[in-house]
1. Just to be sure I follow the definition: excluding the sites themselves, where is the longest run in the chain that has none of the GluC sites (Glu not before Pro) in a DSSP loop with at most 15 other Cβ atoms within 10 Å?
2. Skipping prolines and chain starts, which residues have an amide H placed within reach, meaning under 5 Å, of the one on Ala88, given they are 5 or more residues away or on another chain?
3. Using Cβ contacts closer than 10 Å as the measure, can you line up Asp52, Asp164 from fewest to most?
4. Explain nothing, just the number: relative contact order of segment 48-199, from Cα pairs under 8 Å at least 6 residues apart, as a whole percent.
5. In Å and from the alpha-carbon atoms only, list the Rg and Dmax of segment 83-207.
6. What FRET efficiency do you get for Ala346 and Asp239 if R0 is 30 Å and r is their Cβ-Cβ distance, rounded to the nearest 0.05?
7. To two decimal places, what compactness ratio does segment 293-359 give when its Cα radius of gyration is scaled by 2.2 N^0.38 Å?
8. How much of the DSSP bridge set in the chain is antiparallel, in percent, rounded to the nearest 5?
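Computed from the coordinates by the stated procedures, all read-outs in this text should not be read as laboratory data. Note that this is a predicted model, so its numbers are computed, not measured. Quick reminder, even Gly has a Cβ in these numbers, built from the backbone with ideal geometry, and neighbours come from all protein chains shown.
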Amino acid sequence: MANRSQVPAARSHGSTTAPVLQGPWLTRGEEGRFSAYLPRDGEVVRWTEGPDGAWSGPVSLGGGGLTPFLAVGQGADRYVHLVGLRPAGDEGHVEVVHTVQFQTGRPALEWRAIGHSNVKGPWTGNPAVAVDAQGRAYVFMRNGGGGISVRAQKDTGGWHPWWDLHGSRTDPSPVAVTNGSGLVELYSSHAKGLARYVQREPGAKPIREELLPASVTMGTLAATTGPSGHATLFYLDEDGRVCAWSPERSLEPTPLGDAAGTGRLAATRCLIDGFDCTVLAQQAADGRLALAAYPSEQEAEGIHWSETGDAQDGLAAVLTRGLDGRLVAMALVGGNALITTRQKAAADGLLLEGWRSIG
């Protein structure tokens, strides 16, 4: 059965559309304050949370003519890696560019071009970035053959050449995650199932595993690392159900319940009533943000959605947690406005504060 795609190429790369965000574009610094990143007018802008909880920004981090796409990855060292796409050379061609922010509120390094998965060429997919335990970034990107390529940072500085990890007919928007061992994994869907690329040793080239036949809707993937240290992938199947897959836990694709809508999922872990829980988010059919939670790695519990906030024409959500373990959610609404909320302290269940704009 062919998988249904939710990611038209024109929307993913086109400069006239709303920003496309990949990865944890809301990050937490070592001291606990948050930063939010957004591609805007050819550059990346950042908002920063102050010690009093007020937000400042936007501040430009440069970019030199980026397309409206941004991928974000953060390592255990809390350094934030930003990856974008920039027009290059021949008309319609793009190159991948990268920078790092080392501390909350501080400037980022100069943007550096790291090429294209086909040396040069047009948009072939949206990059995803993960950072290993040693702080090395791995930038994954679909290549012109429909498979996956990756470029990884070296220990001594600079980058390895692009490694072709092979494959075909993969999702234009794969997801990258770092597992509890500090190794990186890449998940994608295929026209006939689920694809996984996994690193088995530090610094090694990720290995493509055998395709798992499954019904998947492209463009809906999200992943998180559970308390066991193993990654779990979440996606929508073609029947509109949210499913979970965790190969290292021997969890076969497992339906958790019906989806709230049709778009991409977001996922994180947080504490609810003192228990480690996994929280999923998706824009519901009525335009509001829907949240669902279940005890982490206990998929048999299933999910039930609760909606929050106002209906929006377009909404992209990101989930993370604070130093206290409570959920923090942010949403991009209408392509240019950011709103945020937090889990209420000392409240039973997953209750949220009111949504507020960060400016």
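1. Details: sites that count: Glu30, Glu31, Glu91, Glu110, Glu209, Glu210, Glu238, Glu353.
After excluding every exposed loop site, the longest remaining stretch is 239-352.
2. His93, Val94, Glu95
3. Asp52, Asp164
4. Answer for segment 48-199 is 15 percent.
5. Computed over the Cα atoms of segment 83-207, radius of gyration and Dmax are 14.3, 44 Å.
6. Details: r = 39 Å, r/R0 = 1.31.
For R0 = 30 Å, the calculated efficiency reads 0.15.
7. Numbers: Rg = 13.3 Å, N = 67, 2.2 N^0.38 = 10.9 Å.
The value comes to 1.22.
8. Numbers: 102 of 107 bridges.
Just about 95 percent of them are antiparallel.
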